[in-house]
1. Tell me which of these residue A:95 doesn't satisfy, since it passes every other one: (1) in contact (Cβ under 8 Å) with a residue 40 or more places away in the chain; (2) closer than 26 Å to residue B:104 by Cβ.
2. Kindly indicate whether residue B:17 is within 27 Å of residue A:16 (Cβ to Cβ), within 14 Å of another protein chain (Cβ to nearest Cβ) and of a type in the set (D, E, K, R).
3. So which of A:57, A:4 is in contact with a Lys or Arg (Cβ under 9 Å, 6 or more places away or on another chain) and part of a helix (DSSP H, G or I)?
4. From (1) more than 9 Å from every other protein chain (Cβ to nearest Cβ); (2) within 27 Å of residue A:83 (Cβ to Cβ), pick out the condition that doesn't hold for residue A:9.
5. Tell me, which residue of region B:68-85 that is within 18 Å of residue B:45 (Cα to Cα) and aliphatic (A, V, I, L, M) is surrounded by the fewest Cβ atoms within 10 Å (Cβ to Cβ)?
6. Can you name every residue in region B:176-203 that is at pLDDT 85 or above, hydrophobic (A, V, I, L, M, F, W, C), out of contact with any Phe, Trp or Tyr (no Cβ under 6 Å at 6 or more places or on another chain) and in a loop (DSSP other than H, G, I, E, B)?
7. Restricting attention to region A:13-37, which residues are surrounded by 19 or more Cβ atoms within 10 Å (Cβ to Cβ) and within 17 Å of the chain's Cα centre (by Cα)?
8. Here are the criteria: (1) in contact with a strand residue (DSSP E or B) (Cβ under 6 Å, 6 or more places away or on another chain); (2) under 21 Å from residue B:163 (Cβ atoms). Tell me which single one residue B:57 does not satisfy.
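The values are calculated or read from the model by the stated rules, or taken from the named source; none is laboratory data. Bear in mind that the values here come from a model prediction, so they are computed numbers and not experimental data. Glycine also receives a Cβ, built like all others from the backbone with ideal geometry; neighbour counts cover every protein chain displayed.
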Amino acid sequence: MHEWALAESIAITVRKEAFQHNLKRIARVNLQIGELQQIDLEVFGFALESVLQSQDWGIELETVVVETVRSALQCRNCGHRWLYNDGASGLEEKQTEAIHFLPEAAHAYLKCPACGSPDFAILQGRGVWIESIEGEG
Amino acid sequence: MDPRPSVIVRRLAGIRRILAVSGGKGGIGKSSVASVLALILSRKGYRVGLLDLDLAGPSTHMILGVPATPPIEDKGLIPPEFAGLRFMSVIYFTGDHPTAFRGSDISNAVTEILAITLWNALDFLIMDMPPGLGDTTLDVIRLVRRMEYLIVTVPSAIAAQVAKKELSLLRQLHVPVVGFIENMSRNIRVRSPFSPDLECIVPYLGVIPYDTTLEVALGDADRLIETDFSRHLERAVPAIEASNCLSSLRL
């Protein structure tokens, strides 16, 4: 996912939740980001600050804590499990960039290291998830 | 909670109408109708985007001859412009590689593409839908709240039956339908026996002949627009322009 899209989606969702729960100050947002998203945290931080400053969001957001969730892939053919980084070392730069924008593109470029099947499941390590929002009214 | 769907509303906010070209069956010309309809609307002066959502078998880039120029990255992805259209497809990420997508992969990919693509202001966004009533259809209906459907069918009892099932699903999900177009007709002077059955449900927008010149025009937008296929499809455009599905044709 693109860092700017992520920043915007976080700002919109936090604002909506803050409004629904009457929160004026958000002390902490706990965010889980899958490793496959390959988010550049520096760019994300800059994007989030810019998004929050560009509009009157009406909320104070103090801290965003990001936990990167390691990837786990499993072959649906032979059951072999592996990590994204184990198979990603041989990828070209444009292929890893494609996976950054669209993590499902991994299905186009990765194969099971054990049997070579392209039919694998991403057990964890993709997607973005707001685990919790802490604040006060 | 997944924050990604929240940004999709903003991404589509500048688009006046979102039209999904569907029809249930494979091989009935949905992608050709979507591509050429986008071209026709563009040449009429509308600002048009074309989004290929057939993730397993994208083909609109081949139909139109879209070059492999990747989207520009600027606070998201700006779709490349080609033949007057803004174009987005999974091929920018997967190239010509086969993709073994399953249900959750499709849901994630549809969400991600809608969240990162910066269409900006458009009069029409045409979505080329995959065959079937599966994950992509359900996800798009869930994520894109204000969309209309255009149904493509062919003169065949099987295709008509599948189209009816899709119309029934769209009715249950309260998705408006502009109407249906009958493609690949061998005799455009005679309505197919299946057509009136569908017309009881949604408006009939016209018929397109089986056009043998379409195949040789593939990959060339200027030739496509000169085909009989395009000329007959264009006759359905005034009805599409005039329809105000979101208020009057809600099933």
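1. Just one mismatch for residue A:95, condition (1).
2. Details: within 27 Å of residue A:16 (Cβ to Cβ): yes; within 14 Å of another protein chain (Cβ to nearest Cβ): no; of a type in the set (D, E, K, R): yes.
For residue B:17, the condition - within 27 Å of residue A:16 (Cβ to Cβ), within 14 Å of another protein chain (Cβ to nearest Cβ) and of a type in the set (D, E, K, R) - is not met.
3. Working: A:57 fails: part of a helix (DSSP H, G or I).
The unique qualifying residue is A:4.
4. Against the list (1) more than 9 Å from every other protein chain (Cβ to nearest Cβ); (2) within 27 Å of residue A:83 (Cβ to Cβ), residue A:9 comes up short only on (1).
5. The qualifying residue surrounded by the fewest Cβ atoms within 10 Å (Cβ to Cβ) is B:83.
6. Across region B:176-203, the qualifying residues are B:200, B:201.
7. A:13, A:14, A:29, A:31, A:33, A:34, A:35, A:36, A:37
8. Status for residue B:57: all satisfied but (1).
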